[in-house]
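Have a look at the structure below, then the notes.
The values are calculated or read from the model by the stated rules, or taken from the named source; none is laboratory data. Since we're looking at a predicted model, the values are computed, not measured. Reconstructed Cβ throughout: ideal geometry from the backbone, glycine too, with neighbour counts over all protein chains shown.
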Number of protein chains: 2
Amino acid sequence: MADGQKKNVLIVGGGAVGAIAALNLEVGGLASVTVVLRSNFNAVNEGGYTIESCDHGVLKSWKPSHVRNEVPDIEKENLPPYDYIILTTKNIPDVPPSISSLISPALTSLNKHTTLVLIQNGLNIEKPFLKSHPQTPVLSGVSLIGSAEIKPGVIVQDDRDRLLIGAFHNPQLEPAIGSQKAKEFVEIYGKGGKTECLFESDVLTSRWRKLVYNACLNPICAITGLDTGRIRLADGGLEGLVRPAMREIVEAARKVGVELVDEVVDFMIGVDPLELYLAPSMLADVRKGNFIEYENLLGEPLREGKAVGVAMPTLQVLYNIAKAIQWRTKEERGLIKIPPKKNAMTN
Amino acid sequence: MADGQKKNVLIVGGGAVGAIAALNLEVGGLASVTVVLRSNFNAVNEGGYTIESCDHGVLKSWKPSHVRNEVPDIEKENLPPYDYIILTTKNIPDVPPSISSLISPALTSLNKHTTLVLIQNGLNIEKPFLKSHPQTPVLSGVSLIGSAEIKPGVIVQDDRDRLLIGAFHNPQLEPAIGSQKAKEFVEIYGKGGKTECLFESDVLTSRWRKLVYNACLNPICAITGLDTGRIRLADGGLEGLVRPAMREIVEAARKVGVELVDEVVDFMIGVDPLELYLAPSMLADVRKGNFIEYENLLGEPLREGKAVGVAMPTLQVLYNIAKAIQWRTKEERGLIKIPPKKNAMTN
């Protein structure tokens with residue numbers, strides 16, 4: 001296939017997930033990939049990626065077709081529209097700029113050519129795009145990869161890349177359009193044969209299922225400072241926090257029509273081997289002083305569950321604590337100003 | 001009054017509260033005080049206390065009658081029994097040794113002379129002594145002092161010492177015995193005229209009232225990492241966490257027969273001036289990697305409230321998080337052993 005026939009793909013976010021997505025797409029030969037990088041731009045632009053991967057082996061100085069340090073402005077640069085724009089960044093809607101404004105230079109609101117692929121966690125992540133880009137098909141990507149960027153441009157992938165792709169419901173588009181784009185994307189992504197990329201017609205099930213981990217273990221570990229191994233050993237951890245929270249998610253999912261089996265609770269508790277003592281993303285973020293993805297992972301399922309009458313006492317408290325922790329990070333970073341401190345003795 | 005007629009008082013714990021208690025008692029002239037110190041023993045034994053106090057002014061190199069680095073064994077040392085033993089240490093029943101075993105060398109179980117005074121927070125703190133020392137009157141001390149030990153032996157007291165004293169109910173003693181001891185203690189403690197020490201016949205009311213702060217703001221600040229000023233400013237802080245928790249305490253108190261006015265919630269929210277950004281004790285302890293007093297401050301009122309049928313969803317989650325944080329500190333200090341870490345790539 002000549003380069004001109006390849007699909008033109010933009011990946012925004014070239015960290016642990018985005019780099020492996022770029023590699024899969026390029027290896028398959030059906031896509032030419034541009035990756036937009038931020039913190040690791042200099043490292044990757046100069047020396048390429050170093051990738052140690054259970055799917056792909058060891059690669060040194062690997063580069064996708066193009067790397068950039070900002071989202072291209074396709075009108076100003078007179079570029080053709082992308083076939084697919086894949087988002088693999090963190091999704092933190094409570095901290096500006098919004099993701100939809102971030103990608104808008106590459107996706108004008110009139111653009112009917114491009115399909116958006118959100119390889120991000122949580123619920124209702126498509127909603128901002130249904131408003132800002134109502135004519136754009138938006139695909140759901142649920143990634144089950146185990147991958148980490150151990151330093152800028154150095155990726156260690158120690159668990160297989162499995163990706164579930166389907167179309168988010170868009171009331172303004174024919175359902176067939178999204179499904180067709182999803183199936184095409186599955187073909188392009190899976191072509192290299194190194195990965196397991198599956199089409200799913202019902203994207204909500206895999207999203208709610210992953211929330212059993214992400215709305216529960218993830219914030220509980222972040223708040224207690226314990227990794228997924230230690231939280232299983234700690235007093236009050238499993239029976240006091242993790243199981244009650246997970247049962248609330250299973251119950252909320254059922255009430256919105258997503259049937260999860262009860263065994264999913266034990267499965268998610270054990271999904272990280274205890275003795276690896278893995279820090280889930282929110283704990284890693286809190287330790288680094290980064291913002292946490294608590295709104296889509298915790299706030300949205302909480303709101304969905306409460307809207308259908310499910311009591312969610314554990315998630316409610318976890319949510320408000322996560323919100324206060326996010327406020328703390330905003331204040332530490334100077335995004336929020338507070339009244340100056342007074343001295344007790346001179347009061 | 002000759003020294004021989006003075007009451008013989010032992011204070012266990014000579015930090016911010018214990019040092020001012022010792023000073024008050026000695027200033028009044030009706031007590032001869034022995035203070036048992038641990039972390040600050042060398043500083044105080046060599047140079048005495050430096051005290052900057054809104055009640056007493058500035059004192060340099062001040063010493064109580066005696067200082068010791070461990071609880072005296074009155075039988076071995078052939079000492080007369082103490083009239084009062086005052087406990088001003090932290091109370092952490094989930095970490096050995098227990099306080100009752102700590103003081104037992106100075107208070108044999110057959111001793112009918114000594115009265116115990118617990119200037120400590122929380123509920124049911126007298127219970128272990130009703131078992132270990134059933135014949136000993138136990139007094140409740142609720143301290144409303146503002147005082148801190150800024151370095152070993154250096155005490156800054158920036159808010160007046162107000163102390164509420166009453167007798168805990170002991171089913172094996174005549175009620176009059178406890179009340180009489182409480183009134184005597186109030187006289188001795190208040191004699192110096194620098195403090196406000198009041199007798200109260202109902203000790204549960206002041207304990208539950210203080211829990212509106214201590215079971216709520218204290219763990220919420222410790223868990224979110226926010227001080228009492230910032231928690232009032234933070235998203236989700238007051239309405240999401242502090243007020244719901246405080247209302248649960250007020251409701252539990254009512255159900256056990258302690259009527260608190262609704263205004264106590266706003267009073268406790270505002271009791272620390274916002275712009276001082278004060279860290280309550282549990283937050284200070286978490287920051288220092290110390291154990292937290294979560295069982296008596298949070299666990300006991302939670303259990304009491306649940307036992308009388310009060311729904312306590314906020315306190316329940318806060319309690320289990322506090323428990324997990326305590327486990328983390330135990331593990332960090334080597335009190336708990338966990339399976340060794342495995343390496344993901346060699347699994």
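Going by the structure shown, is A:LEU173 surrounded by 15 or more Cβ atoms within 10 Å (Cβ to Cβ) and either within 14 Å of another protein chain (Cβ to nearest Cβ) or in a strand (DSSP E or B) (or both)?
Against the criterion (surrounded by 15 or more Cβ atoms within 10 Å (Cβ to Cβ) and either within 14 Å of another protein chain (Cβ to nearest Cβ) or in a strand (DSSP E or B) (or both)), A:LEU173 does not qualify.
Would you please name the residue that is surrounded by the fewest Cβ atoms within 10 Å (Cβ to Cβ), looking only at residues in segment A:22-51 that are in contact with a strand residue (DSSP E or B) (Cβ under 6 Å, 6 or more places away or on another chain) and within 19 Å of A:ARG160 (Cβ to Cβ)?
In this case the residue turns out to be A:GLU26.
Restricting the search to segment B:231-252, which residues are touching a residue at least 24 places away in the same chain (Cβ under 8 Å) and either touching a Cys at 6+ places or on another chain (Cβ under 7 Å) or under 18 Å from B:ALA307 (Cα atoms) (or both)?
Answer for segment B:231-252, where residues must be touching a residue at least 24 places away in the same chain (Cβ under 8 Å) and either touching a Cys at 6+ places or on another chain (Cβ under 7 Å) or under 18 Å from B:ALA307 (Cα atoms) (or both): B:VAL242, B:ALA245, B:MET246, B:GLU248, B:ILE249, B:VAL250, B:GLU251, B:ALA252.
Given the options A:THR108, A:THR50, A:THR88, name the one that is assigned by TED's automatic domain parsing to the domain that holds A:TYR189, under 18 Å from A:PHE185 (Cβ atoms) and of a type outside the set (A, V, I, L, M).
Sole residue among the options that is assigned by TED's automatic domain parsing to the domain that holds A:TYR189, under 18 Å from A:PHE185 (Cβ atoms) and of a type outside the set (A, V, I, L, M): A:THR88.
Test of understanding: among B:PRO313, B:PRO280, B:PRO273, which residue is modelled with pLDDT under 95, in the same structural domain as B:ALA215 (by TED's automatic domain parsing) and more than 18 Å from the chain's Cα centre (by Cα)?
Being modelled with pLDDT under 95, in the same structural domain as B:ALA215 (by TED's automatic domain parsing) and more than 18 Å from the chain's Cα centre (by Cα) holds for just one of B:PRO313, B:PRO280, B:PRO273, which is B:PRO273.
How about segment B:205-236: which of its residues are over 20 Å from B:ASP285 (Cα atoms) and either within 14 Å of chain A (Cβ to nearest Cβ) or of a type in the set (S, T, N, Q) (or both)?
B:THR205, B:SER206, B:ARG232, B:LEU233, B:ALA234, B:ASP235, B:GLY236
Could you please let me know if A:LEU87 is buried (at least 22 other Cβ atoms within 10 Å of the Cβ), at pLDDT 95 or above and within 22 Å of A:LEU25 (Cα to Cα)?
The answer is yes for A:LEU87.
Which number in (1) among the β-branched types (Val, Ile, Thr); (2) farther than 28 Å from B:HIS133 by Cβ; (3) in contact with a helix residue (DSSP H, G or I) (Cβ under 8 Å, 6 or more places away or on another chain) marks the one condition that B:ILE165 misses?
(2)
Got a number for residues in segment A:316-340 being hydroxyl-bearing (Ser, Thr, Tyr) and either outside the structural domain of A:ILE223 (by TED's automatic domain parsing) or more than 22 Å from A:LYS255 (Cβ to Cβ) (or both)?
Count: 1.
Considering only segment A:318-340, how many residues are over 25 Å from A:SER206 (Cα atoms) and either surrounded by 12 or more Cβ atoms within 10 Å (Cβ to Cβ) or touching a residue at least 40 places away in the same chain (Cβ under 8 Å) (or both)?
16
I'd like the residue in segment B:237-257 that is under 19 Å from B:ASN320 (Cβ atoms) and of a type in the set (Val, Ile, Thr) and, out of all such residues, is farthest from the other protein chains (Cβ to nearest Cβ).
Only one residue tops the list, namely B:ILE249.
For the structure I just gave you, tell me whether A:LYS341 is more than 7 Å from every other protein chain (Cβ to nearest Cβ), over 26 Å from A:GLY237 (Cβ atoms) and among the basic types (Lys, Arg).
So A:LYS341 fails the test.
Go through the residues of segment B:94-111 one by one and say whether even a single one is β-branched (Val, Ile, Thr) and not in a loop (DSSP other than H, G, I, E, B).
So far as segment B:94-111 goes, yes, one or more of its residues are β-branched (Val, Ile, Thr) and not in a loop (DSSP other than H, G, I, E, B).
If you check B:GLY166 against the conditions, is it within 18 Å of the chain's Cα centre (by Cα) and away from chain A (no Cβ under 14 Å)?
The answer is yes for B:GLY166.
When B:GLY236 is evaluated against the numbered criteria (1) in a loop (DSSP other than H, G, I, E, B); (2) more than 18 Å from A:PRO313 (Cβ to Cβ), which criterion, by number, is the only one it fails?
(2)
If I filter segment B:131-149 for residues that are part of a loop (DSSP other than H, G, I, E, B), among the β-branched types (Val, Ile, Thr) and under 13 Å from the mean Cα position of the chain (by Cα), do I get at least one hit?
Among the residues of segment B:131-149, at least one is part of a loop (DSSP other than H, G, I, E, B), among the β-branched types (Val, Ile, Thr) and under 13 Å from the mean Cα position of the chain (by Cα), which makes the answer yes.
Tell me which residues, restricted to segment A:104-127, are touching a residue at least 40 places away in the same chain (Cβ under 8 Å) and farther than 14 Å from A:ILE11 by Cα.
The answer is A:ASN121, A:GLY122, A:LEU123, A:ASN124, A:ILE125, A:GLU126.
Here's the yes/no breakdown for (1) surrounded by 16 or more Cβ atoms within 10 Å (Cβ to Cβ); (2) in contact with a Gly (Cβ under 7 Å, 6 or more places away or on another chain); (3) aliphatic (A, V, I, L, M):
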{"site": "A:ILE145", "(1), (2), (3)": "yes, no, yes"}
{"site": "A:PRO152", "(1), (2), (3)": "no, no, no"}
{"site": "A:VAL156", "(1), (2), (3)": "yes, no, yes"}
{"site": "A:LYS181", "(1), (2), (3)": "yes, no, no"}
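Out of segment A:99-116, which residues are closer than 15 Å to A:PRO128 by Cβ and surrounded by 15 or more Cβ atoms within 10 Å (Cβ to Cβ)?
A:ILE99, A:SER100, A:LEU102, A:ILE103, A:SER104, A:LEU107, A:LEU116
A:LEU59: in the same structural domain as A:PHE185 (by TED's automatic domain parsing), out of contact with any Lys or Arg (no Cβ under 7 Å at 6 or more places or on another chain) and either small (Gly, Ala, Ser) or modelled with pLDDT of 95 or more (or both), yes or no?
yes
Could we say that B:LEU217 is aliphatic (A, V, I, L, M) and either surrounded by fewer than 24 Cβ atoms within 10 Å (Cβ to Cβ) or not in a helix (DSSP H, G or I) (or both) here?
Answer is no for this residue.
Would you be able to say whether some residue in segment B:254-269 is modelled with pLDDT under 95 and either in a helix (DSSP H, G or I) or not aliphatic (A, V, I, L, M) (or both)?
yes
If you go through segment A:296-338, how many residues are acidic (Asp, Glu) and within 11 Å of another protein chain (Cβ to nearest Cβ)?
Matching residues across segment A:296-338 total 2.
Within segment A:311-347, how many residues turn out to be of a type in the set (Val, Ile, Thr) and over 21 Å from B:LEU315 (Cβ atoms)?
4
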